[in-house]
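Here the structure is laid out as structure tokens; the discussion comes afterwards.
The values are calculated or read from the model by the stated rules, or taken from the named source; none is laboratory data. If you're wondering where the values come from, they're calculated on a predicted model, not measured in any experiment. Here the Cβ positions follow ideal geometry from the backbone for every residue, glycine too, while neighbour counts run over all protein chains shown.
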Amino acid sequence: MKIHIDIDCFFVSASRIKDSSLENKAVAIGGRSDTKIFNSEAKKQTVSFENSGSFVPTFYKAYEESDDDLDAFKDANGKVRGILTTSSYEARAFGVKTAMSIREALGLCPHLIIKAPNMSLYQELSHQLHEFLASKIPIIEQASIDEFYGDLSGWIEDDDIEQFIDNLKHEIKKVLKLPVSIGAANTRYIAKLATTAAKPFGCKTIYKDELDSFIQNIPVGEFAGIGKSMKARLKSVQIHTLGELKQRRGTLESWSPYAKELYKRVSGLTDAPIQTTHRRKSIGISRTFDPLYDREELKRRVHVLSRHLNFAILKLKVIPTIFHLSIAYEMNQKSHINLSLSEIFTEKKFDSLCIKLFNKADNQRRLRVIRLSINCSSFTRDSKKELSLIGFYDEQKMKKLTDSTHELREKYGIDAIKWGSEF
């Protein structure tokens with residue numbers, strides 16, 4: 001059988017490990033982009049490639065003790081900004097939800113305790129749990145900072161699964177002080193569903209003959225892989241639950257190969273192997289800020305973002321060949337552009353490239369910008385592209401300068417050396 005392990009309200013649980021007075025209270029973790037990245041104020045910018053994703057950025061400001069209250073989310077005018085990355089079950093009882101604005105959450109739950117994120121602590125605890133699980137289970141996959149899959153096939157008999165995962169849950173709580181929920185089933189997809197049903201701090205095992213009754217009334221939106229568009233399409237043909245989906249095999253198979261595969265996953269007919277290692281396929285950075293019209297200031301911010309992303313690319317020791325820049329404007333307008341380039345990676349070239357992409361992407365110049373994003377992908381290790389030899393020897397010289405600059409930043413910080421255009 002496969003099992004799925006999910007840390008309950010991970011960020012809140014981590015805060016409670018540091019401060020036991022938060023137990024049994026309505027607590028939420030706030031999140032806000034570190035816009036100080038664009039000015040000269042002191043900021044301990046940190047880079048981590050582990051488990052980055054939703055609410056877990058690659059670049060983040062190091063935690064400071066003074067950041068642990070609501071003041072951390074107030075702007076210069078005293079206005080509370082930011083959204084919630086997670087909340088405790090005590091807070092959810094008042095209607096508080098993930099991705100809700102902090103102001104809205106406080107309106108629903110005035111006594112809500114807002115804590116600042118501590119990404120270093122989350123990464124440390126996640127790593128500790130991974131190490132602990134690896135000592136108990138032969139094959140472990142880390143799916144995200146708070147999610148893990150395990151394969152118990154040939155290790156634990158099916159009849160012993162329920163006792164095993166219950167013991168595991170209590171061991172994790174005792175050793176690491178982290179509350180987890182665990183689901184078990186014949187496939188990883190159904191195991192994840194079982195975990196959701198087991199929360200909080202519970203365990204649930206779904207055997208093959210229990211699958212139909214288990215999924216019968218589960219809304220389709222709760223299944224991983226069913227997004228808004230698929231959910232809307234299923235609704236259009238009166239499919240609202242996974243039980244109804246399983247009864248409509250012909251309908252889904254007539255739609256697309258993905259819909260056909262989705263049917264198999266829901267029905268427990270197909271599975272994916274547990275992957276013990278994941279290779280990063282892209283790296284990016286983005287920042288949201290107050291509406292800004294000044295194009296020269298926006299270009300300066302592109303320089304800042306490119307410098308930070310350059311640092312991460314060099315740290316990963318990869319050469320990207322596809323570059324993407326996107327702009328979000330006010331009035332819900334967006335623009336983006338891609339460019340493919342197979343050449344030696346240098347900081348100067350990358351910086352110029354990002355400015356070039358910005359100039360081409362900025363097609364709504366009458367509007368103010370609220371977000372800038374830069375992403376790099378298709379690393380040479382994963383593609384069949386060959387690097388161009390045009391200007392190769394000159395680029396080698398610039399590459400040496402890029403590497404020397406990177407060494408200084410590794411030692412003294414990302415802000416140790418800046419482009420003159422950033423000032």
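Things worth noting here:
- Subset of segment 188-232 [farther than 29 Å from Ser254 by Cβ and crowded, with 20+ Cβ neighbours inside 10 Å]: Ala194, Thr195, Ala198, Cys203, Lys204, Thr205
- Lys208 passes every criterion in (1) within 28 Å of the chain's Cα centre (by Cα); (2) touching a residue at least 60 places away in the same chain (Cβ under 8 Å) apart from (1).
- Leu309 meets the conditions (1) free of Cβ contacts under 8 Å to residues at least 60 places away in the same chain; (2) touching a helix residue (DSSP H, G or I) at 6+ places or on another chain (Cβ under 9 Å); (3) assigned to a helix (DSSP H, G or I); (4) not aromatic (Phe, Trp, Tyr) in every case but one. The failed one is (1).
- Single match in Thr346, Thr241, Thr321, Thr251 (criterion: in contact with an Asp or Glu (Cβ under 7 Å, 6 or more places away or on another chain), surrounded by 13 or more Cβ atoms within 10 Å (Cβ to Cβ) and not small (Gly, Ala, Ser)): Thr346
- Any chance Lys264 is in a helix (DSSP H, G or I), farther than 30 Å from Ser352 by Cα, in contact with a Leu (Cβ under 9 Å, 6 or more places away or on another chain) and not assigned by TED's automatic domain parsing to the domain that holds Arg371: no
- Among the residues of segment 71-84, the one identified as within 22 Å of the chain's Cα centre (by Cα) and either loosely packed, with under 14 Cβ neighbours inside 10 Å or modelled with pLDDT of 90 or more (or both) is Leu84.
- Among the residues of segment 135-182, those that are acidic (Asp, Glu), within 18 Å of Lys208 (Cα to Cα) and out of contact with any Pro (no Cβ under 9 Å at 6 or more places or on another chain) comprise Glu157, Asp158, Asp159, Asp160, Glu162.
- Screening the candidates Ser326, Ser335 for the property of being part of a strand (DSSP E or B), within 29 Å of Glu410 (Cβ to Cβ) and at pLDDT 95 or above yields one hit, Ser326.
- Of the residues Arg295, Arg279, the single one that is exposed (fewer than 14 other Cβ atoms within 10 Å of the Cβ), modelled with pLDDT of 95 or more and under 30 Å from Ser352 (Cβ atoms) is Arg295.
- Long-range neighbours under 6 Å by Cβ, at least six apart or interchain, first residue touching a residue at least 12 places away in the same chain (Cβ under 8 Å) within segment 147-163, second of a type in the set (Phe, Trp, Tyr): Ile156/Phe164
- Count of residues meeting criterion [part of a helix (DSSP H, G or I) and either basic (Lys, Arg) or at pLDDT 95 or above (or both)] in segment 152-198: 28
- Flag: Lys384 does not match the condition of being modelled with pLDDT of 75 or more and basic (Lys, Arg).
- Among the residues here, Asp415 qualifies as among the acidic types (Asp, Glu) and either at pLDDT 80 or above or surrounded by 14 or more Cβ atoms within 10 Å (Cβ to Cβ) (or both).
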